[in-house]
Amino acid sequence: MEVENVIKKSFEIESQDLLSLLGYNDKNLKPLEERFSAQITIRGNTVHLKGVKEELEIIEKIFKEMVYVLNTSGGLTKEDVQTIIDLELQGKQIVSKDEINNIVLYTRKDVIRARTANQIKYIKAVKNNDICFAIGPAGTGKTYLAVAFAVSALKKGIVKKIVLARPAVEAGESLGFLPGDLREKVDPYLRPLYDALQDMLQFEQLSDFINRNIVEIVPLAYMRGRTLNNAYVILDEAQNATSLQMKMFLTRLGPNSKAIITGDVTQIDLPVKTTSGLVEAVKILKGIDGVAFVFFTQQDVVRHKLVKDIITAYEKFKNENRQGGAQNSDSTENN
């Protein structure tokens, strides 16, 4: 190895289970050390490499595939690592480059990734913009992926805090008439956000983050007057935010912060004469640099296969009723 060709490279391992990844006494690293001349040092979740560029790129790909195998199968052996190395050296990847780019977060249970064309657009929009609106029907992964983006950024140290907010429309937003403390009042409205977080973080870690206010889950009304720095901020069910609430939320953003706003404009629960802040934001903010909009359809539904059919049936029923109403109106005028 010529000295002038030697370079250094570092990257993060996105795995919550380093012991299973590296093996007891780092036995899963031995095949790498035997097959490559590069120096491999691991400190925390960071891999430090020293060697020729071509080798370092291959080793980084192998580590990503090791993480993928661990998270999808629940285990990783020395023999698995040897197989991954063999396939990589033959130019055969377990995970394609595109698939790796579409992965948002590795968890102990699964790999959270984009599964539809619009979800891939979602990943690109979030990476390239500080504010992203994700709009579409239920089951399209809007909220789940938003939480995954936030957890990934927190784990990588890109942000220091996650704030998740939702309008508690059914509770009148004041929440004062409900019994119990704040947590008991808002739990029914914020439960979907808790569920997503529990899929992505271990219970003890999530509890610690909540206790230390590293992760906050709050009603939208409680965001007033705050400035959020170094934070990932998510507004869920944004179709139920009023115009003033939407403006208030968007202006909470401080330096080194990102915001994702998710909602479904077909499920607005606001009073009839109240303008949805989400509907208004689409009209007002389009064309602003740094603000992106991603629109999902029933084709992006990733829940049970029947969910897509149910959404389609409701859309068809609504359209038929709208057309029927228009025809009735015409016949009345003609009479």
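The values are calculated or read from the model by the stated rules, or taken from the named source; none is laboratory data. The structure displayed is predicted, hence computed values, not measured ones. Cβ: placed from backbone, ideal geometry, glycine included. Neighbour counts: every protein chain shown. Protein only, heavy atoms only, side chains kept; ligands, DNA and RNA dropped before computing areas. Shrake-Rupley method; radii C 1.70, N 1.55, O 1.52, S 1.80 Å.
Under the Karplus relation 6.51 cos²θ - 1.76 cosθ + 1.60, θ = phi - 60°, what is the ordered set of whole-Hz ³J(HN,Hα) values for the range 31-46, x standing for Gly and Pro?
Result, rounded to whole Hz: x, 5, 5, 6, 8, 10, 8, 5, 7, 10, 10, 10, 10, x, 9, 10.
Nearest 5 is fine: what % of DSSP beta bridges in the chain come out antiparallel, could you say? Can you show the working numbers first?
Numbers: 16 of 41 bridges.
Antiparallel bridges: around 40 percent, rounded to the nearest 5.
Can you tell me what the convex hull of the Cα atoms of the range 201-254 projects to on average, as an area in nm²? If you can, show how the numbers build up before the last one.
On the way: hull surface 17.0 nm².
Orientation-averaged projected area of the Cα hull: 4.3 nm².
If the elastic network links every pair of Cα atoms under 10 Å, which of VAL95, VAL233, VAL272 fluctuates the most in the Gaussian network model of the chain?
Result: VAL272 has the largest fluctuation of those listed.
Can you give the helix-only mean residue ellipticity at 222 nm for the chain, where every DSSP H stretch with n ≥ 4 adds -39500 (n - 2.57) and the sum goes over all residues, rounded to the nearest 500 deg cm²/dmol?
On the way: 12 runs with 150 residues, N = 335.
Rounded to the nearest 500, the figure is -14000 deg cm²/dmol.
For the pair ARG43 and GLU79, how long in nm is the line joining their label points, each one 7 Å along Cα→Cβ?
3.6
Taking a point 7 angstrom from the Cα of LYS27 along the C-beta vector, which residues in the range 61-94 have backbone N less than 12 Å away?
Taking a point 7 Å out along Cα→Cβ of LYS27, the residues of the range 61-94 whose backbone N falls under 12 Å are 76-80.
Given H placed on each backbone N at 1.01 Å, which residues far from LEU105 in sequence or on other chains put an amide H within less than 5 Å of it?
ILE112
Report ³J(HN,Hα) in whole Hz for each residue of the range 211-221, in order, from the Karplus equation J = 6.51 cos²θ - 1.76 cosθ + 1.60 where θ = phi - 60°; Gly and Pro get x.
5, 9, 6, 6, 10, 10, 10, 9, x, 4, 4
Placing +1 on the Cβ of each Lys and Arg and -1 on the Cβ of each Asp and Glu in the chain, which of LEU49, ALA221, ASN129 has its Cα farthest towards the positive end of the resulting dipole?
ALA221
Ratio of the chain's C-alpha Rg to 2.2 N^0.38 Å, to two decimals? Don't jump to the answer; show the numbers that get you there.
On the way: Rg = 23.9 Å, N = 335, 2.2 N^0.38 = 20.0 Å.
Here the Cα radius of gyration is 1.19 times the empirical estimate.
Let me check I've understood the local charge: for ARG252, count other residues with C-beta under 13 angstrom from its C-beta, Lys and Arg +1, Asp and Glu -1. What total comes out? It would help to have the intermediate numbers written out before the result.
Numbers: positive: LYS161, ARG224, ARG226, LYS247, LYS258; negative: ASP130, GLU216.
Within the 13 Å Cβ shell, the charges total +3.
Starting from 0 in steps of 5 Å, tell me what percent of the Cα-Cα pairs of the range 1-95 lands in each bin.
Calculated over all Cα pairs of the range 1-95, the distribution is 3, 14, 26, 26, 20, 8, 3, 1, 0 percent.
Using a 10 Å cut-off on Cβ atoms, rank the peptides 261-269, 71-79 from the highest mean neighbour count down.
Numbers: 261-269: 19.6, 71-79: 14.0.
Per-residue Cβ counts within 10 Å, averaged per peptide and sorted highest first, yield 261-269, 71-79.
Quick check for me: using +1 on Lys/Arg Cβ and -1 on Asp/Glu Cβ, what's the dipole size of the range 202-323 about its Cα centre, in debye to the nearest 20? Please list the in-between numbers first.
Numbers: 15 positive and 13 negative charges, 70 e Å.
Using Cβ point charges on Lys, Arg, Asp and Glu, the range 202-323 gives about 340 debye.
In the range 242-273, which trypsin sites (Lys or Arg not before Pro) are in a loop and have at most 13 other Cβ atoms within 10 Å, using DSSP for the loop call? Can you show the working numbers first?
Numbers: sites: LYS247, ARG252, LYS258, LYS273; in loops: ARG252, LYS273.
Sites meeting the loop and neighbour criteria: LYS273.
What does the extension gain come out to for LYS283 and ASN101, with contour length at 0.36 nm per residue minus their alpha carbon separation? Intermediate values should be presented prior to the final figure.
Numbers: separation 182, 0.36 × 182 = 65.52 nm, distance 3.10 nm.
This chain segment gains 62.4 nm when fully extended.
I'd like to check one number: the per residue accessible area of the chain, probe 1.4 Å, reported in Å² as a whole number.
Working: 17910 Å² over 335 residues.
Per residue, the chain has an accessible area of 53 Å².
What angle do you read, to the nearest 10 degrees and between 0 and 90, between the alpha-carbon axis of helix 53-73 and the longest principal axis of the chain?
That helix lies at roughly 60 degrees to the long axis.
Using a Förster distance of 45 angstrom, determine the FRET efficiency expected from the C-beta separation of THR116 and SER207, and round it to 0.05.
Values: r = 33 Å, r/R0 = 0.73.
Computed FRET efficiency for THR116 and SER207 comes out at 0.85.
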